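Step one of this worksheet: look at the structure below.
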Amino acid sequence: MTALGDGLLRALVVVCSVSAAAAAEASGTVRLGLLPFGTVSWEIDTVQHYGFDRDHGVAVAALPLAHADSGKIALQAGSVDMIVTDWLWVSRQRHDGADFSFFPFSSAVGGLYAPAASALDDVDRLAGLRLGIAGGPLDKSWLLLQAYGRQRFGLALDHAATTAFAAAPLLNQQLRAGRLDAVLTFWHYGARLTAAGYREVIGTRAIVERLGVAPMPALVGYAFRDSWAAQHPGLVEGFSAATLDARRTLAASDDAFERLRPIMQAEDDATFRALRAGFRAGIPAHWGAAEQAAAARLYTILTDAGGAALAGAGSAIAPGTFYPGVSY
């Protein structure tokens, strides 16, 4: 990112923070950097609607972000207390001397999608095909797909397939127009494809399992500074408990999801149902020593594929990456 671009993002964070500044004065308030139409907003809206934050002695001030990168900048600058990111980023920051920690939100990431009539049935059939990839060369799903291709088929996908990196909405358009044979994309864009009659060839969860990692760990979650948590005892635990209540409500109640329809931006009933099913599939059932050990094994696979560009100087997941005060 250029210095000008970085400066613009910082300015945006400051502007977005002003509207929630008064609410964030309270000592029991979590200033959460949030993409307004991201799936995390469904959880936070549920927390606030049902009063789970009040039940656990916290308040949530949602500060809108324009982009995930602006959230990381805001967290590093202290403009927000928490963001949602993955534990790879948290571990890299800890290796670089920062004191960020993580607890889970979701294990949903995405998968490989193709037209219903496609002969594509596993990764080896991608050889010679046009593959669109969301998230860039260091996207977790792309690294895992490459690792699976090498381990299972001895296939170097970055050379065997004709790859194109682009934003997820554009990839969906290109697949529908027949300009791509398959796309590797985020789960909520994959849900829209399945609702439109496309099929999932293989999901990230299945790739992780076939790579020998179990149980499936959460991949994205809430990140914050240990020093902030120490200054506000019990706040992380209260916020975690409130979000866990929201997740369990969304897992069990169709009415709770029906209430979220306006912010889910589902084009039709089929898309709404696919988004609901995808969110529920990503809810972590457990978070503890077994899941954290699985994440450490997955870290090794990812960093073997992504190298220093992904992990920095860390050869193993950094101690303290997973916040010890949250387990279930």
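A few comments on the model shown:
- Positive-pole candidate from TYR198, LEU126, LEU144, dipole of the stretch 110-210, charges at beta carbon: TYR198
- The residue among LEU175, SER240, VAL326 whose Cα reaches farthest toward the positive pole of the charge dipole of the chain, with charges on the beta-carbon of Lys, Arg, Asp and Glu, is LEU175.
- For the stretch 165-173, 3J(HN,Hα) per residue [Karplus equation, 6.51 cos²θ - 1.76 cosθ + 1.60, θ = phi - 60°, Hz, x = Gly/Pro]: 9, 7, 5, 4, x, 5, 4, 4, 4
- The equivalent ellipsoid of the stretch 189-264 has semi-axes of 30, 22, 12 Å, largest first, where each one is the square root of 5 times an eigenvalue of the Cα gyration tensor.
- Diffusion of the stretch 73-147 by Stokes-Einstein, at 25 °C in a medium of 0.890 mPa s and with Rh set to the Kirkwood radius over alpha-carbon pairs, works out to 159 µm²/s.
- Base-10 log of normalised Debye intensity for the stretch 173-213 (one unit scatterer per alpha-carbon) at q = 0.19, 0.20, 0.32 Å⁻¹: -0.60, -0.65, -1.17
- Per residue convex hull volume, Cα atoms of the stretch 266-328, in Å³: 135
- Spherically averaged projected area of the convex hull of Cα atoms, the stretch 110-210: 5.4 nm².
- Under 5 Å, built H, 5+ apart or other chain: amide partners of LEU65: LEU34, LEU35
- 222 nm mean residue ellipticity, helices alone, for the chain (DSSP H n ≥ 4; -39,500 (n - 2.57); rounded to 500): -14500 deg cm²/dmol
- Compactness relative to 2.2 N^0.38 Å, alpha carbon Rg of the chain: 0.99
- Per-residue extension of 0.36 nm, minus the Cα-Cα distance of THR300 and ALA316, leaves a gain of 5.1 nm for this segment.
- Amide H contacts under 5 Å for PHE224: SER101, restricted to partners 5 or more places along the chain or on a different chain, H placed in the peptide plane at 1.01 Å from N.
- Our summary gives the chain a relative contact order of 26 percent, counting only alpha carbon pairs under 8 angstrom and 6 or more residues apart.
- Phi-derived couplings, Karplus 6.51 cos²θ - 1.76 cosθ + 1.60 at θ = phi - 60°, listed residue by residue for the stretch 289-299: 4, 5, 5, 5, 5, 5, 4, 5, 5, 5, 4 Hz, with x used for Gly and Pro.
Just so you know, all these numbers are worked out from the coordinates, no wet-lab data involved. Note that the structure is a prediction, hence the values are computed from the model and not measured. Cβ coordinates were reconstructed from backbone atoms using ideal geometry, including for glycine residues, and neighbour counts include every protein chain displayed.
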